[in-house]
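The values are calculated or read from the model by the stated rules, or taken from the named source; none is laboratory data. Note that the coordinates shown come from a computational prediction; the quantities given were computed from them, not determined experimentally. Glycine gets a Cβ as well: all are built from the backbone with ideal geometry, and neighbour counts include every protein chain shown.
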Amino acid sequence: MVIFLAKRAAFMLLTMLAVSILVFLLLEVNGESVAVKVLGPYTSEEQRRLWLEANGYFEPWYVRYFGWLANMASGDFGESLRFKVPVGDVLWPRLLNTAILGGMVFAIMVPLALVLGVLAGMREGSALDRTITVGAVVTTSIPEFASSVLLAFIFVFYLAWLPGTSTMSEGFDLSQMVLPVMVLVLYGFGYIARMMRASMAEVMQSAYIKTARLKGLPVQRVILRHALRNALIAPFTVIILQINWLLSGVIVVEFYFAYNGFGRLLLEASLNQDIYLIQACAMVAVFVAVGTQTLADIGYTYLNPRIRFT
Amino acid sequence: MTDRTVDAPAPRRQSPLIGALKAALLLRESIVGTVGALIILFWVFVALFAGLLAPYDPIAQMTPFQAPFATDADGNFFLLGTDHLGRDVLSRIIFGAQRVLIYAPLATFSAYAVGIVMGLLAGYKRGWVDDVLSRVSDIILSFPILVLYVVIITTFGASAINIVLAVTFASGPGIMRIVRGLVLDLRNRDYVAAAQTRGESMWYIMFVEILPNARGPLIVDACLRLGYTTITIGVLGFLGLGLPPPQPDWGGMINETRAMATFAPHMTVFPCIAISSLVLGLNLLADGMREVSLRD
Amino acid sequence: MTLDMAKRDTVSPDNRPPVLEIEDLNLSYFTRAGEIPAVIDFSLTVRQGEAVGLVGESGCGKSTVANAIMRYLGHNGRIVGGTVKFKGRDMATLSEEELRQLRGSEIAMVYQEPMAALNPSLTIETQLCEVPLYHEPGCTPEMAYRRALDMLAAVKLPDPERVLRAYPHQISGGQQQRVVIAMALLSEPALLLLDEPTTALDVTVEAGIVELIAELSERFGTSILYISHNLGLILETCDRVCVMYSGEVHEEGTVSELFENPRHPYTRGLFGCIPTPGTDKNARPLTPIRGQLPLPHERPDGCNFGPRCDHFDAASCGGGMIQMRDVNPATGHRARCSRWQEIDWSVDTVAADARPPQAIGDVVLKSGEMQKYYPIFDRSLAALIRGRSVRYVKANESLSFEAREGQTVAIVGESGCGKSTFAKVLMGLETATGGELSFNDVDISELPVQRRTPQQLGSLQMVFQNPNDTLNPSMSVGGQIARVIRKFNVESDPVKIEERVLRLLDLVKLPRDFARRRPRQLSGGQKQRIGIARAFAGNPAMVVADEPVSALDVSVQAAVTGLLMDIQREFGTTLLFISHDLGVVRYLADRVVVMYLGRIMEQGATDQVFSPPYHPYTEALLSAVPIADTRVEKKRIILEGQLPSVLNPPKGCPFHTRCHRKIGAICEEETPPNAVDSEGHTIFCHIPMAELRSVEPVIKTAAE
């Protein structure tokens, strides 16, 4: 187990390193363009040259990379060009906001999807199964931006029940969370529900469920004790990896509802070529993604005794 | 021992065309799949005959903010109304279909070409080739996908070719994983061993013996992925990173007009319905195909 | 442990109360294609303490009967007529709750794959204790635990406490099946349904399980319905037997009567397909049943067996359903044949002609001390510290034997003995780690397939095991054979290639238009025939057949083996036949090589290996194989212990951990010598040859 954890941690570190090289190559290697981004397009070549020299951009790229990496690792991401403050000062509050949004989405989406998936997979081919399956296909087919527009049209303009933006300008307001959460849940639950259904249906077909039924166990016990545990193994990984998906989803939703979160920050940074902010956002995103993957692997091992005891 | 010939039912000869027709007929057994196929056929028809179907030039500016079913002072009838610049929404949706139906399949196809070669190599060769390819794809896949798109497109600029390349880069590894999994199973089949023992080359075995037998799950996946790519192109348009204007693009149409949705929702809602229906069609078709193939 | 074969007394069944009565059961599956009858007009009575066998080939409906008894038919299966009564109660009238109380406590079931039958994420304790906890009001967890523990001891599992704590994957396949049997017997059911309970297990493990079932059912007075495709197993375990074919019972009766005097052409045909000690490929060849099983929706009018029957007569067999007829009302022997009184049963079925043995030529293949090790990289911390991070699986250890032109050499052994690894090295899919392997006087042990010439490749070809895997599903049959012909430079002109493909189809007795078919349009036996045609396309000097018929039904097996041998005879090909089935090996091999844990235990001419002196492992293997012949008497030897891991094989003689003739410390410490009995017959054992020679034969055939 210790070796397994060490291996996972090492792999996580390696991935982060590889990604950091990628990010660095993508954004930093061409010093000239960095200078343009930092100093603006209307600067003279001489000004840029001086800036590049002052900031050590004439060193070989690998020397620069290690310097850059050291700064990143110590949490010094540089200064945001747009907000004119250290990157960390904008990044962390925004990340917290996104965590609140994501937490609410997960708290609703996961139980909903699992229950629907189990109900559908328990009796494959039943009317309930067909309804849930088709319903899940329809909701996952509507892109987040389309459902944002459509839901806003219904609840904001037509029914006027909910606010159309989620800027939270007067402090935290739960009603402003409803639409963003709804959009993400609607788009995301279908995928988990379908995985859960497939997994449950497969387990229900298995010989050990037949054994349990033919042992004369009551249906509840067969489902809850024999089927569910095994059926949860495959979707578990999917659920954890949805955190990764959520990082994509929040970009659209936060942009549409003007919610001050991480996704909107990344988008603003990208559109404004706020290079240090992009770097920090990318690295944070990858950290979260790789971290959840590691978590998923560990959880999977724990859930599956066939791997746990070998 | 015995000279009796094994009893055999009458032979059935099958040409590829009949095979395709049969597959289509088989799909008919799935209601879901049929609905999906019809939706897709509808959009393909629209895209193919866009020039004939569209009542107006999609970038011609006429009377702004016309509601659906409105006729303006010049006697122009707008079935779905006009946008803030006076362009006919219906014509823009029709030409937008053409655009998405060119770039989404192109990007998906390109991602598949890369993913299949990588997956075949990793799954068949195993060893260090597999290690390297799998690690690289793990790293790319560990990026949240839209973050990757946003970073790539803002760095290299929004153009059709960049979108195709970005999709290839971002979803090639996912395809590789699927292909690799299928190959790991198929490579142990006896007919692969038979090919090996008659001295076939690696490429022959990969492309002739293995790949055709992986086609079932890959076609289903391609359908789903075409849906994702459609969404991706839509999202990029919506974020203002999509195909450059003024040519109509569904995501772009939504982005340009969403601020005015309070008083002229038709400008935004119709493109939303268009893109959702196309993706729905693809997803339903994939579902139907999977259902039919499992039932066999 | 050597026991005399103990067959259960056949008490006259009529004085015992019936436990299960099935009357005129008709059962159908409802699919898109419409109603498909799976079981037709099925009647059966099982009395208390009786063991009834249900035999038949795949798709005959035997498992459906078991599921119908349990009322477990899935959503598309339905009983359309007849009744199933358990202890006088009609199962159809039971409520869900009554049914639940019955299942697992009164009727229990054991089926084929023990690993799949146990829940992978629950401990064995949980899965066993559930049974009494849910069936016996007032049963405390402590009582349930005790009961589980006692039952595990009763099924002879070593260290029951440890087994209870384990998860299913932590114990071996044979142990898993013992756990499943323990689970079925925990609440002492009146009826035990066994659906191919040993088919997934090795023969030596099977023998142990079969003995256990017989012992336990005796002890608890359980009635048994034993479902199997293996007639030999039914003979060893049952009092009465029903033979099913295509959804119907075609013959039933007491085991002795049905085995000695079958009165249905299908039953007799089945016996003609099974290699028994009396058959021989030259003197008394097997007689296959022609044709194949009808698909459920393509059953013929009249007798279902009609199209394959030599006694078919349109007037009496052609129209309408054939009824069961009494053959001997006193013993309940019945047959579904309208001509059973007209057929002269004393005449053998169209007896295949005897033929002279084949001439044996020069040495084609010579394996000299060949060894194949697979490195296993141990990345655990402990191994790193000890500096022993690489260990070896010794898949093949000093294999030495020869095969001559026109000869059939069989390699036998149970799973994991290394027989398939040898085939891989021979074919060049792997290279040997040591020793030599010369084929036509060229050492090919380190020549991978990529470096072999087309001639070398073409002269050494293989027939594979799994019919569904052997052909590429997306290419036409003819195309696959044509590819081989081109690849081995046999022909290059397209017209000639086409011609040769058709001639190869003639060779394997398939219609020529099969060339245009896809593999999925072929049955399992037909696919294997194509596999044989493909192997012979390049005029090979030697063909390796890796379990070529083990996945086929009995009636098809005989035809495919026959075909393989006919072609071999025609071309004078050397055949290396890899198998776990001693019956088939005895029937067709000239020489036999017995392997265990990567080593050759014994080799010699077939007669030498199948009679004393034996290697103790050969002896145990021979005694474990069920034989479908009432005249045969067999010594019963049950091997104890588990098959050791190949990663960590026992020192000295690899068989000492399970050997019933172990003579002492020498077996554990020293590698045995290859003792020579007579010309070409060697035994890898420490026991003096004189002692081995004095061992009684395992199989004795009573005089006819």
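Only residues that are of a type in the set (Gly, Ala, Ser), surrounded by fewer than 16 Cβ atoms within 10 Å (Cβ to Cβ) and within 14 Å of chain B (Cβ to nearest Cβ) were counted across segment A:1-60, and they come to 2. Considering segment C:558-584, and only residues there that are part of a strand (DSSP E or B) and touching a helix residue (DSSP H, G or I) at 6+ places or on another chain (Cβ under 7 Å), the residue that is farthest from C:Phe464 (Cα to Cα) turns out to be C:Leu575.
Take C:Gln465 and tell me if it is part of a helix (DSSP H, G or I) and either within 19 Å of B:Asp190 (Cβ to Cβ) or facing another protein chain (nearest Cβ under 9 Å) (or both). Spelling it out, it is not the case that C:Gln465 is part of a helix (DSSP H, G or I) and either within 19 Å of B:Asp190 (Cβ to Cβ) or facing another protein chain (nearest Cβ under 9 Å) (or both).
What helices (runs of 4 or more DSSP H) lie completely within segment A:1-88 and have 2 or more residues being within 27 Å of the chain's Cα centre (by Cα)? Quick ask: steps written out before the conclusion?
Numbers: elements: A:2-27, A:31-39, A:45-54, A:61-73.
Fully inside segment A:1-88 and qualifying: A:2-27, A:61-73.
So, A:Gly125, is that one at pLDDT below 90 and within 27 Å of the chain's Cα centre (by Cα) or not? When the stated conditions are applied, A:Gly125 does not pass them.
For the condition over 30 Å from C:Leu295 (Cβ atoms), more than 28 Å from the chain's Cα centre (by Cα), more than 13 Å from chain A (Cβ to nearest Cβ) and not in a loop (DSSP other than H, G, I, E, B), C:Glu97 does not qualify.
Of all residues in segment B:117-138, those that are more than 22 Å from A:Thr292 (Cα to Cα) have Cβ atoms under 8 Å from Cβ atoms of residues that are hydroxyl-bearing (Ser, Thr, Tyr) and modelled with pLDDT under 90, 6 or more apart or on another chain, in B:Met118/B:Ser137; B:Ala122/B:Ser134. The set of residues from segment B:154-164 being touching a residue at least 60 places away in the same chain (Cβ under 8 Å) and facing another protein chain (nearest Cβ under 8 Å) comprises just one member, B:Thr154.
Would you call C:Ser420 of a type in the set (Ser, Thr, Tyr), in a strand (DSSP E or B) and more than 9 Å from every other protein chain (Cβ to nearest Cβ)? Reasoning before the result, please.
On the way: of a type in the set (Ser, Thr, Tyr): yes; in a strand (DSSP E or B): no; more than 9 Å from every other protein chain (Cβ to nearest Cβ): yes.
No.
Would you call C:Asn282 within 31 Å of the chain's Cα centre (by Cα) and under 27 Å from C:Thr701 (Cβ atoms)? Taking the combined requirement at face value, the residue satisfies it. Might you check whether a residue that is surrounded by fewer than 18 Cβ atoms within 10 Å (Cβ to Cβ), under 22 Å from C:Leu426 (Cα atoms), at pLDDT below 90 and more than 9 Å from chain B (Cβ to nearest Cβ) occurs anywhere in segment C:479-489? Within segment C:479-489, one or more residues are surrounded by fewer than 18 Cβ atoms within 10 Å (Cβ to Cβ), under 22 Å from C:Leu426 (Cα atoms), at pLDDT below 90 and more than 9 Å from chain B (Cβ to nearest Cβ).
Among the residues of segment C:518-533, are any surrounded by fewer than 18 Cβ atoms within 10 Å (Cβ to Cβ), touching a helix residue (DSSP H, G or I) at 6+ places or on another chain (Cβ under 7 Å), more than 21 Å from B:Thr197 (Cα to Cα) and away from chain B (no Cβ under 11 Å)?
Applying the first criterion (surrounded by fewer than 18 Cβ atoms within 10 Å (Cβ to Cβ)) to segment C:518-533 yields C:518, C:520-521.
Okay, now just the ones that are also touching a helix residue (DSSP H, G or I) at 6+ places or on another chain (Cβ under 7 Å), so none.
No, there is no match, as no residue in segment C:518-533 is surrounded by fewer than 18 Cβ atoms within 10 Å (Cβ to Cβ), touching a helix residue (DSSP H, G or I) at 6+ places or on another chain (Cβ under 7 Å), more than 21 Å from B:Thr197 (Cα to Cα) and away from chain B (no Cβ under 11 Å).
Hey, any hits in segment B:133-141 for a residue that's of a type in the set (Ser, Thr, Tyr), surrounded by 20 or more Cβ atoms within 10 Å (Cβ to Cβ) and closer than 24 Å to B:Leu226 by Cβ? Let's see the steps before the verdict.
The first filter runs over segment B:133-141 and keeps only residues of a type in the set (Ser, Thr, Tyr), leaving B:134, B:137.
If we keep only those that are surrounded by 20 or more Cβ atoms within 10 Å (Cβ to Cβ) too, we end up with B:137.
Pick out the ones that are also closer than 24 Å to B:Leu226 by Cβ and you get B:137.
Looking for residues that are of a type in the set (Ser, Thr, Tyr), surrounded by 20 or more Cβ atoms within 10 Å (Cβ to Cβ) and closer than 24 Å to B:Leu226 by Cβ, one finds at least one in segment B:133-141, hence yes.
In segment C:553-569, the residue that is surrounded by the fewest Cβ atoms within 10 Å (Cβ to Cβ) out of those that are touching a residue at least 60 places away in the same chain (Cβ under 8 Å) and of a type outside the set (A, V, I, L, M, F, W, C) is C:Arg569.
If I ask for residues that are surrounded by fewer than 20 Cβ atoms within 10 Å (Cβ to Cβ) and either among the acidic types (Asp, Glu) or facing chain A (nearest Cβ under 7 Å) (or both), which ones from segment C:101-120 would you list? Listed by number, the residues that qualify are C:Gln101, C:Glu106, C:Glu113, C:Ala116, C:Pro120.
Scanning segment C:530-557 for residues being part of a helix (DSSP H, G or I), at pLDDT below 90 and β-branched (Val, Ile, Thr) gives a total of 2. Restricted to segment A:201-257, and to residues there that are closer than 18 Å to A:Leu119 by Cβ and of a type in the set (D, E, K, R), the residue that is farthest from the other protein chains (Cβ to nearest Cβ) is A:Glu202. Determine, yes or no, whether C:Gly138 is within 30 Å of C:Ser43 (Cβ to Cβ), more than 9 Å from chain A (Cβ to nearest Cβ) and not β-branched (Val, Ile, Thr). Criteria not met by C:Gly138.
When you go through B:Leu80, B:Leu106, B:Leu41, B:Leu52 one by one, which is the residue that is assigned to a helix (DSSP H, G or I) and surrounded by 15 or more Cβ atoms within 10 Å (Cβ to Cβ)?
Values: B:Leu80 fails: assigned to a helix (DSSP H, G or I); B:Leu41 fails: surrounded by 15 or more Cβ atoms within 10 Å (Cβ to Cβ); B:Leu52 fails: surrounded by 15 or more Cβ atoms within 10 Å (Cβ to Cβ).
Only one candidate qualifies: B:Leu106.
Inspect segment C:505-519 for any residue being closer than 22 Å to C:Phe422 by Cβ, among the basic types (Lys, Arg) and more than 18 Å from the chain's Cα centre (by Cα) and give the result as yes or no. Spell out the reasoning first.
We begin by selecting, within segment C:505-519, every residue closer than 22 Å to C:Phe422 by Cβ; these are none.
The answer is no, given that none of the residues of segment C:505-519 is closer than 22 Å to C:Phe422 by Cβ, among the basic types (Lys, Arg) and more than 18 Å from the chain's Cα centre (by Cα).
In segment C:282-293, the residues that are touching a residue at least 12 places away in the same chain (Cβ under 8 Å) and more than 15 Å from C:Gly524 (Cα to Cα) form Cβ pairs under 6 Å with partners that are of a type in the set (A, V, I, L, M, F, W, C) and surrounded by 19 or more Cβ atoms within 10 Å (Cβ to Cβ), at six or more places apart or across chains, as follows: C:Pro285/B:Met1; C:Leu286/C:Cys273; C:Leu286/C:Ala558; C:Pro288/C:Cys273; C:Pro288/C:Ala558; C:Pro288/C:Ala559.
Scanning segment C:156-166 turns up no residue that is touching a residue at least 40 places away in the same chain (Cβ under 8 Å), assigned to a strand (DSSP E or B) and either out of contact with any Ser or Thr (no Cβ under 6 Å at 6 or more places or on another chain) or surrounded by fewer than 17 Cβ atoms within 10 Å (Cβ to Cβ) (or both).
A search for C-beta distances below 7 Å between a residue of segment B:79-95 that is more than 14 Å from B:Trp250 (Cβ to Cβ) and any residue that is outside any loop (DSSP other than H, G, I, E, B) and polar (S, T, N, Q), counting only pairs 6+ apart in sequence or on different chains, returns B:His84/B:Thr257; B:Asp88/B:Thr82. Could you list, in sequence order, all residues of segment C:430-460 that are touching a Pro at 6+ places or on another chain (Cβ under 8 Å) and either facing chain B (nearest Cβ under 7 Å) or in a helix (DSSP H, G or I) (or both)? Across segment C:430-460, the qualifying residue is only C:Gly458. Apart from one condition, A:Leu232 fits all of (1) surrounded by 23 or more Cβ atoms within 10 Å (Cβ to Cβ); (2) closer than 30 Å to C:Val131 by Cα; the exception is (1). Here C:Leu457, C:Leu447 are screened, and the one residue that is in contact (Cβ under 8 Å) with a residue 40 or more places away in the chain and either within 21 Å of B:Trp203 (Cα to Cα) or crowded, with 22+ Cβ neighbours inside 10 Å (or both) is C:Leu457.
Annotation: of all residues in segment C:281-304 being more than 13 Å from chain B (Cβ to nearest Cβ) and at pLDDT below 80, the one that is farthest from C:Gly61 (Cα to Cα) is C:Ala283.
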